[in-house]
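One structure below.
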Amino acid sequence: MRLFRNLYLNNSVFYSAFAVAIVYILAFFFPILMNLAFGMLMVLLLLIFVDTLLLFITKEPIKAQRILPEKFSNGDENFVKIDIKNLYGFNIKTKIIDEIPFQFQKRDFLIEKSIKTKKNIFFQYHLEPKERGEYNFGALNVFTISPIGLVSRKFSFQKDTHLACYPSFLHLRKYELMALNNEFMMGGIKKIRRLGHTMEFEQIKEYVPGDDIRTINWKATSKRNQLMVNQYQEEKSQRIFLLIDKGRTMQMPFKGLSLLDYSINAAMALSHIILKKSDRAGMMTFSKKTENKVPADNKSGQLKKIADALYNINTNFYESDFSRLYQDVKFSINQRSLILLFTNFESLDAVNRQMKYLRGIAKNHLLVIVFFKNSEVAELIGKNPDNMQEVYDEIIAEKFEMEKKLIIQELRKHGIYSIYTLPENLNIEVINKYLEIKARGIL
């Protein structure tokens with residue numbers, strides 16, 4: 001009985017049976033066709049028997065393996081690799097159905113491959129998760145078909161495999177190379193004039209074209225009879241804290257990801273750059289209270305601590321308590337630090353309600369508010385309206401955009417920096433702002 005549990009009839013069997021039935025029907029009118037119909041039926045049954053025998057006579061004719069990454073990267077294309085080996089003595093066709101996690105809602109997964117005898121095939125497909133957490137894979141099902149092609153034999157491999165989905169980490173290396181080489185042209189970073197030297201002296205070296213002439217050491221130049229300049233290194237071990245709002249305003253979705261997910265991905269990318277710059281990265285989340293606290297540090301396992309803290313954070317329906325945030329920041333962050341606060345203000349009134357707490361944080365720290373541009377609203381501005389409804393839509397969109405500009409001006413008036421960006425550009429923008437602050441030496 002176990003044999004028949006893995007035996008499946010292909011469509012070709014039903015097409016052939018339909019042809020035999022047609023001949024039997026015709027035989028009622030033309031009796032001479034009865035022997036032909038019976039012969040066709042016997043041939044069909046014999047071929048089914050031979051086909052079944054070919055597929056089931058070998059005990060372990062197929063080996064298959066699903067190769068998963070160590071963990072999924074949220075919002076990125078993650079590749080799943082499949083390796084299948086044919087141990088039959090003949091070429092086969094296969095239908096591969098991988099039971100991928102329900103979060104992807106993909107119900108038509110089917111890959112067809114042909115495999116020569118004693119050979120294997122290796123291919124991959126990609127999945128793009130849109131939420132963090134645990135993903136469960138079912139069985140990797142492989143249906144084998146012989147050259148006769150009437151029946152299939154099912155094989156199942158690697159049932160119930162679990163995989164965690166972490167905040168985006170696949171592009172960390174790319175961001176690192178761009179940041180360390182000052183090549184962040186994607187975000188439009190520009191050369192920044194340093195406001196004096198807030199950096200530590202490192203050594204005296206020979207002048208080369210491109211060195212800042214303000215660093216010329218005239219005493220050393222007179223002794224060596226050639227231009228010598230002082231070389232400085234950036235200040236290190238500065239404290240950078242990432243505060244992530246997980247209140248209801250962060251539930252807004254853009255391109256499948258919530259604002260919270262965009263903020264978490266940006267926090268991961270920025271933390272990686274901070275640690276590579278030998279600064280100290282820390283983070284916490286807040287809503288009704290502050291949670292998921294990771295003290296600022298630059299030890300080797302710090303990025304993993306931040307990733308673990310961000311792994312399973314979700315938004316809630318509460319309005320975030322900025323007064324509680326102010327108190328916790330005041331008592332837990334004692335030294336002056338750069339604080340990037342990821343939140344989303346939709347109106348000037350919302351900012352003014354929290355302004356006294358934001359000013360309180362900015363009094364002792366360098367505060368940068370990160371909030372989001374609505375891409376759908378931006379698309380309505382500048383269009384040529386065709387009817388009155390589109391005119392109203394454009395006026396309302398311009399009002400929303402003006403409100404955001406007023407928020408930026410109000411924050412600037414109180415000495416608070418801001419980043420106003422599209423969600424998909426967030427990683428670039430926050431890294432740019434961090435590098436700009438480092439270059440200006442204003443922390």
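Odds and ends about this structure:
- Environment charge at residue 305 (Cβ cut-off 10 Å; Lys +1, Arg +1, Asp -1, Glu -1): 0
- In this entry, the stretch 61-123 is assigned a mean projected area of 4.8 nm², taken as a quarter of its C-alpha convex hull surface.
- Packing around the peptides 300-311, 23-34, taken as the average count of other Cβ atoms within 10 Å per residue, puts them in this order, highest first: 300-311, 23-34.
- When the pairs 106/246; 205/299; 289/356; 293/413 are compared against a 24 Å limit on Cα-Cα distance, 106/246; 205/299; 293/413 fall above it.
- Summary of packing: across the peptides 105-113, 394-402, the per-residue average of other C-beta atoms within 10 Å ranks them, highest first, as 394-402, 105-113.
- Electrostatic dipole magnitude of the stretch 300-443 [Cβ: Lys, Arg +1; Asp, Glu -1; Cα centre; debye, to 20]: 1260 debye
- GNM flexibility winner over the chain from 328, 279, 297 (Cα, springs under 10 Å): 328
- Accessible area of the stretch 1-66 belonging to carbon and sulfur atoms, whole % at 1.4 Å probe: 75 percent
- At R0 = 35 Å, FRET efficiency that the Cβ-Cβ distance of residue 352 and residue 174 yields, to 0.05: 0.35
- Remark: the chain carries 56 Å² of accessible area per residue (probe radius 1.4 Å; ligands, DNA and RNA excluded).
- For the chain, the residue among 82, 309, 335 whose Cα projects farthest onto the positive side of the dipole built from Cβ charges is 335.
- Tensor-based shape of the stretch 104-177 (alpha-carbon gyration tensor, a/c under 1.5 rounded, otherwise prolate or oblate): prolate
- Residue among 68, 117, 41 farthest towards the positive dipole end of the stretch 39-118, charges placed on Cβ: 117
- Normalised alpha carbon radius of gyration of the chain [divisor 2.2 N^0.38 Å]: 1.45
- Where both bridge residues fall in the chain, DSSP classifies roughly 70% of the beta bridges as antiparallel.
- Within the stretch 134-163, the trypsin sites (Lys or Arg not before Pro) that combine a DSSP coil assignment with at most 11 other C-beta atoms in a 10 angstrom radius are 159.
- Mean projected area in nm² (Cα convex hull; one quarter of hull surface) for the stretch 45-190: 11.4 nm²
- Note on the chain: GNM, Cα springs under 10 Å; of 383, 433, 219, the largest mean-square fluctuation is that of 219.
- Partner aspartates and glutamates whose Cα lies under 13 Å from the Cα of residue 255, excluding those fewer than 8 positions away in the same chain, are identified as 76, 128, 131, 376, 424.
- The rule of thumb for compact globular proteins, 2.2 N^0.38 Å, goes into the C-alpha radius of gyration of the stretch 337-383 1.45 times.
The values are calculated or read from the model by the stated rules, or taken from the named source; none is laboratory data. None of the values given here were measured: they were computed from a predicted structure. When we count neighbours, we look across all protein chains shown, and the Cβ atoms used for this are built from the backbone with ideal geometry, even at glycine. Areas reflect the complete protein model, heavy atoms only, side chains present, ligands, DNA and RNA absent. Shrake-Rupley method; radii C 1.70, N 1.55, O 1.52, S 1.80 Å.
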